[in-house]
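Laboratory data are not the source of any read-out in this text; all were calculated from the coordinates shown. Not measured: the values here are computed from a predicted model. Every residue, glycine among them, receives a Cβ derived from its backbone with ideal geometry; neighbour counts consider all protein chains shown.
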Amino acid sequence: KVIHLKDYQVPDYLIDETHLTFELYEDRTLVHAQLVMRRNPEAGAGLPPLQLHGQDLELMSLSLNDRALGLGDYQVAEESLTLQPDTASFTLDSTVVIHPESNTALEGLYKSGKMFCTQCEAEGFRKITYYLDRPDVMSTFTTTVSADKQAYPILLSNGNPIASGEEEDGRHWATWEDPFKKPAYLFALVAGDLWCVEDSFTTMSGRDVALRIYVEPENIDKCQHAMDSLKKSMKWDEEAYGREYDLDIFMIVAVNDFNMGAMENKGLNIFNSSAVLARAETATDAAHQRVEAIVAHEYFHNWSGNRVTCRDWFQLSLKEGFTVFRDSQFSADMNSPTVKRVEDVSYLRTHQFAEDAGPMAHSVRPESFIEISNFYTLTVYEKGAEVVRMIQTLLGEEGFRKGSDLYFERHDGQAVTVDDFVKAMEDANGADLTQFKRWYSQAGTPRLAVSERYDAAAKTYSLTFRQSCPPTPGQSEKLPFVIPVSLGLLDGQGREIPLRLQDEDAAVGTTRVLAVEQAEQTFTFVEVPEQPLPSLLRGFSAPVKLEFPYSRDQLMFLMQHDSDGFNRWEAGQQLSVQVLQEMIGQHQRGEALQLDQRLVTALRSLLEDERLDPAMVAEMLSLPSEAYLTEISEVADVDAIHAARDFARQGIATALFDLFWKRYQANREVSRQTPYVAEASHFARRALQNIALSYLMLSGKSEVVAACVEQFDQADNMTERLTALAVLVNSNFETERQQALDAFAEHFKDNPLVMDQWFSVQAGNTQPGGLERVQHLMQHPAFTLKNPNKVRALIGAFANQNLVNFHRADGAGYRFLADQVIVLNKLNPQIASRLLAPLTRWRKYDAARQGLMKAELERILAAGELSSDVYEVVSKSLA
Ligand code: ARG
Ligand code: ZN
C-alpha cells in the first residue's frame, strides 16, 4: 500500500494523556494502556469512528469510559482496531499481550540478550499497544514497568522517576513520568541487569542534570568517551544554538542488537552498543569519532526532533537533515573542520549520489512511500544536511542563527513541516527561499558545468554556469535549483584576486558566494589583471557534480596554492580521478598500464612537507575508492577499476618508499612513546602512520613486514592494531596473516564489537576467493544472522567494500546476497531491505552483470511472503 504526502489529514482524535503499565515476563508481556482522548477540534464536527493502529497484538480487554466493550463494539483487523466513541472526550483502557522474547525484527518491544528494550521510530509503537501511532499526535506519558527484580534490577522509561516499589513474589516496579508532550515514536522502555556510569551537567540557567550511561556490566570500562562527548554536546548546543536541556535526568542505554545507530527517545536514548562503547584497546579512532558524533546527534534531537517534531514521516528530513547538519558542525568544532568536511563530502558523493542515480532515488522530502523504514536514507539524512548547510551559506551564520531561534521559539511543542522550517528562516531574514525549496522536492544530483572567458583588453573574467538535473523515477523534468557557488580566483603566483562583479563599486573579499538560479547564468568579474585560475565550489558549497575542464597541471597548482583547504584536497582527488580513468581505459584496451608521474610528484611534495596537517596528507594519499570510481563511471568496469587502482598504489608505493618509511617510523615512534589520546592531533598522526604502512606493505620488504608485525603485537590501541591486521590480511604473507588473525580472535573472542572488526577486515580482503571466505566465516561461532552488527560487519562489508569479489563474473556474489536477503526477510525486514542495496545498483554494470543482478532481484520477489520493506525496494528496482 502506497502512502502519499498529498493525502495528509489532521488526526480525527487527540491523546492528551497516556498511562502505560508493562508487566514483563519471560514468555509474554502484558501492556495496559489508558488513553485520555478527545475529538480534534481542527478535524471538523461530529464523531467519526476511531481507528487505532495495532500490529501483532493479542487483545485481552477493552473499555470505554470504564464500560467494558464486547465483540460487537469494535472491529479488529490485521493492523487496526476501530470503535465508535459516543462522547467528544473519553478514556480508553486496553490490555494486550505481546511477545518481545520472540521479536527478531527489533522493532517495538524486544529482547536484546538478557535485557528488554524498545525501538519505536518510525511505526514500532503500534506493536506495543493500540494507539494513534503518528507523530502529530502528542501526549504526556506515565509509564510503570514491573519485572523480576533479580533479572531486571534496572527499570527505565522516559522522563523523571516518580515512584517505585516491591511486590511479594520477587518482582518490583518503577513509575516514570514524562511531562513533555511527545509522539509515540519517542517512547522508550528498558529493563535489565545494567550498570551505569554517572556524571552531571549544569545548564546555562544553572540547573543540575544527572547524566547516566547504562551498559551490561562487562562494558562499564568503555563509557567514558561517550560521557565526555555528551557533556561537550550539551555545552555546544547551548553556545551554538542557545538550546538548554529540559529534564532533570538524561540517560543513554547501550544494546547489542539494534537496527540502526541510535535513537533519541525523550530523556532515554537507546544506542547500538557500537555507537557508545569506546576505549583505546577495543575501538579505533574512527569508532571514537563516530561515538562522539552519534552521542551529539541524538542529544541534539532533544530540540531538533523532540521539542519540535515532524507532522508526518514525509517531513523526516526536518529533524534528520537539520540534526545531521548540527552534529557535523559540532564534530568540525571538536576536531579538524577540513578533515570533517572531506569525510562528509566523500561519503555523500560516493553513496548518496549513487542513491540519487538509482531506482530508489527520491527527494529530500519524498512524495510517497510503501514502507517508511526504507526512507531513513542518505538522501533524507546527508543530502538533507547539505540543504540546511546551503541555507546557512546563503543567509550567513548570523542570519541562520536568527532563523533557528525563531524556528524553535515559534514551534516549541509542535509537530511541523519542512515548510515551517524554511518559513522561519525566511521570516527571520526577510529572505525569499521559494525557488530554493526545490531542493526539498526535486530528486537527483544536479550537474553544474562551468566555462570561462577572459578578456585581456577589458580585464574582465566571465564564468558561465549551466545547470541540469537528470530524470529520476516519477520526475522527468527538473526546474533550476538555487545553487550557492562559493569561489575564488587565483593569479599565476597562486595569490587570491579581489573579487569585484561588473555592477559593483569595489571588490568584496577574495572568497564569495554566487547564487546560480537560472538554467544558464553568467557572472563577470572586472579588474582581473591576468587570466586567473578559478577555485570553484569551495568547501563543497552545494551537492552538485561540478564540471570544469581543469588540466592536470592546473590541478597540481590548486593542490599547492588554493587557500581553501577543502579545495586543495578536491584538486588532488580530481587529479587522481583523471589519472585513474586514463589507466582504466588502458586496461580496457588491453594496453600496459602507465601511471602519470605527475600524481607521484604531487604526492611526494605532500609527504615531504612536514608542516602540513598529517590528517590532510593522509586524506590526500588515499586514492578515490573503488566505490567512488564506480559511481562516476557511465558503465563501471569492476575489474579495470580494481586493476588500475592497485597498479597506481603499487607505483606510488615504489616511487615514494623512502619517504613513507621515514614518516612511518617517525610517527610509529611517537605512538610508542605516547599513551592513547582520543583527540584530533593524535588521530592525525595515526592516520598518516597507518596509510604509510599500507603503502609500505605493497613493497613486500622484510623490514616492513617485521614493522607491521611489531605494530600488531605491541600497539596499545585498536587503531594501530587493526590497520596492521588489515594490511597483513590483504598481503601474501600467509604465516604472519594467519598468526595475526588467530591471535586477534583468541584475545577478543568475548568482545562482540571487536569480533565485528575481525569479520569486516576479512570480508574486505580483495584477493581471489572472497566469497568462499565469507561463507566460511558465517559458520564461525561468533557469527549470527540475528545480530544486525554481525550482518553488516560480514555480509554488508563484503557486498559494499569488496567489489571485485562481490561482482565476480559468474554471479555467485549476487546469488549469495539474495540468499541472505531471503532468510533475513523473515527474521528482520529492515536489515534485509538495507542489505539489498548493492543489487539495486544494477544499472551501473555491463549487460551480463545486469542480467545476473536482476535475476537475483526476481528470485527474491518470487520467494514470496515479502515484508513491505523488501517488497518496496525489490519492486522499485525492477520497475
Ligand atoms: N531517529 C534515529 C536517528 O537518530 C534513527 C532511528 C530510525 N530507526 C529505524 N528503525 N528506522 O537518526
Ligand atoms: Zn537522527
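Here the stretch 843-879 and the stretch 804-823 have alpha carbon centers that stand 12 Å from each other. In this entry, the stretch 246-322 is assigned a mean projected area of 5.8 nm², taken as a quarter of its C-alpha convex hull surface.
Per 10 Å bin from zero, what fraction in whole % of the C-alpha pairs of the stretch 557-669 is there, up to the bin with the longest pair? It works out to 13, 44, 32, 10, 1, in whole percents. Relative contact order, whole percent, for the stretch 499-609 stands at 17, derived from Cα pairs under 8 Å and 6 or more residues apart. Rounded to whole Å, give me the distance from the Cα center of the stretch 126-193 to that of the stretch 363-408. After rounding, the separation between the Cα centres reads 32 Å. Please report the antiparallel percentage of the DSSP beta bridges confined to the chain, to the nearest 5. Of the beta bridges lying entirely in the chain, close to 80 percent run antiparallel. In whole Å, what is the distance between the alpha-carbon centres of the stretch 286-322 and the stretch 467-517? Cα centres, the stretch 286-322 to the stretch 467-517: 30 Å. Percent of C-alpha pairs per 5 Å bin in the stretch 630-677, short distances first: 4, 18, 14, 13, 11, 12, 13, 9, 5, 1. Using the Cα gyration tensor of the stretch 760-879, with a ≥ b ≥ c the square roots of its eigenvalues, what is the shape: rounded (a/c below 1.5), prolate (a/b larger than b/c) or oblate (neither)? Oblate is the answer for the stretch 760-879, as a/c is 1.5 or above yet b/c matches or exceeds a/b.
FRET efficiency for the pair ALA879 and ALA506, taken as 1/(1 + (r/R0)^6) with r the Cβ-Cβ distance and R0 = 51 Å, rounds to 0.40.
You can think of it this way: the chain between GLU397 and LEU861 has 162.2 nm of extra reach, that is 0.36 nm per residue less the Cα-Cα gap. Extending 7 Å from the Cα toward the beta-carbon at both HIS747 and ASP248 defines two label points whose distance is 4.6 nm. Seen from a random direction on average, the alpha-carbon convex hull of the stretch 756-800 projects onto 2.7 square nanometres.
Take the convex hull of the alpha carbons in the stretch 1-147; its mean projected area over all directions comes to 9.4 nm².
Normalised size of the stretch 512-617, defined as Cα radius of gyration per 2.2 N^0.38 Å with N residues, equals 1.27. Here the Kirkwood formula, the inverse mean of 1/r across different C-alpha pairs, assigns the chain a hydrodynamic radius of 29.1 Å. Using 0.36 nm per residue and subtracting the Cα-Cα separation, the extra length available between SER681 and ASP405 on full extension is 96.0 nm.
When each of the peptides 57-70, 400-413, 808-821, 718-731 is scored by the mean number of other C-beta atoms lying within 10 Å of its residues, the order from highest to lowest reads 718-731, 808-821, 400-413, 57-70. Rounded to two decimals, the Cα radius of gyration of the stretch 660-800 over 2.2 N^0.38 Å is 1.06.
With a Förster radius of 45 Å applied to the C-beta separation of HIS780 and ALA592, the computed FRET efficiency comes to 0.60.
Principal axis analysis of the Cα atoms in the stretch 502-574 yields extents of 35, 29, 20 Å, listed in decreasing size. Between GLN518 and THR87, the simple label model (points 7 Å from Cα in the Cβ direction) yields a spacing of 6.6 nm. Highest average first, the peptides 764-770, 873-879 ordered by how many other beta carbon atoms sit within 10 Å of their residues are 873-879, 764-770. Within the stretch 690-717, find all residues whose amide N lies under 18 Å from a label point positioned 7 Å from the Cα of GLN224 along Cα-to-beta-carbon. Backbone N within reach: 716-717. Scaling the Cα radius of gyration of the stretch 614-732 by the globular reference 2.2 N^0.38 Å produces a ratio of 1.11. Entry note: the stretch 80-137 has Rg to Rh equal to 1.06, where both radii use alpha-carbon atoms and Rh is the Kirkwood radius. Compared with the dominant principal axis of the Cα atoms in the chain, helix 638-655 is inclined by about 60°. Take the stretch 447-534, drop everything but the C-alpha atoms, weight them equally and run the Debye formula without solvent; then report log10 I(q)/I(0) at 0.18 Å⁻¹ to two decimals. Log10 of I(q)/I(0), two decimals: -0.79.
Trypsin sites (Lys or Arg not before Pro) within the stretch 584-672: which are DSSP loop residues with at most 12 other Cβ atoms inside 10 Å? Here the trypsin sites (Lys or Arg not before Pro) that fit, given the DSSP loop and packing criteria, are ARG589, ARG611.
For ARG604 and ASP716, a Förster radius of 35 Å and the Cβ-Cβ distance give a FRET efficiency of 0.65, rounded to the nearest 0.05. Taking only the alpha carbons of the stretch 131-208, we obtain Rg and Dmax values of 15.0, 45 Å in that order. Each peptide in 338-346, 517-525 receives the mean, over its residues, of other Cβ atoms within 10 Å, and ordering these scores from highest gives 338-346, 517-525. As a length-normalised measure over Cα pairs under 8 Å and 6 or more apart, the relative contact order of the stretch 120-195 settles at 41 percent. Cross-linked pairs LYS1/LYS340; LYS266/LYS844; LYS114/LYS749; LYS127/LYS876; LYS340/LYS545: Cα-Cα separations exceed 31 Å for LYS1/LYS340; LYS266/LYS844. Stretching ASP427 away from ARG453 to a fully extended chain increases their span by 5.5 nm, per 0.36 nm per residue minus the current alpha-carbon distance. Once C-alpha pairs closer than 8 Å and six or more residues apart are averaged by separation and normalised to the residue number of the chain, the relative contact order reads 8 percent. Under the simplified labelling scheme, the GLU527-PHE548 pair shows an inter-label distance of 2.2 nm, with each label point 7 Å from Cα along Cα→Cβ. Within the stretch 4-88, all pairs of alpha-carbon atoms sorted by distance into 10 Å bins from zero give the percentages 14, 44, 32, 10, 1.
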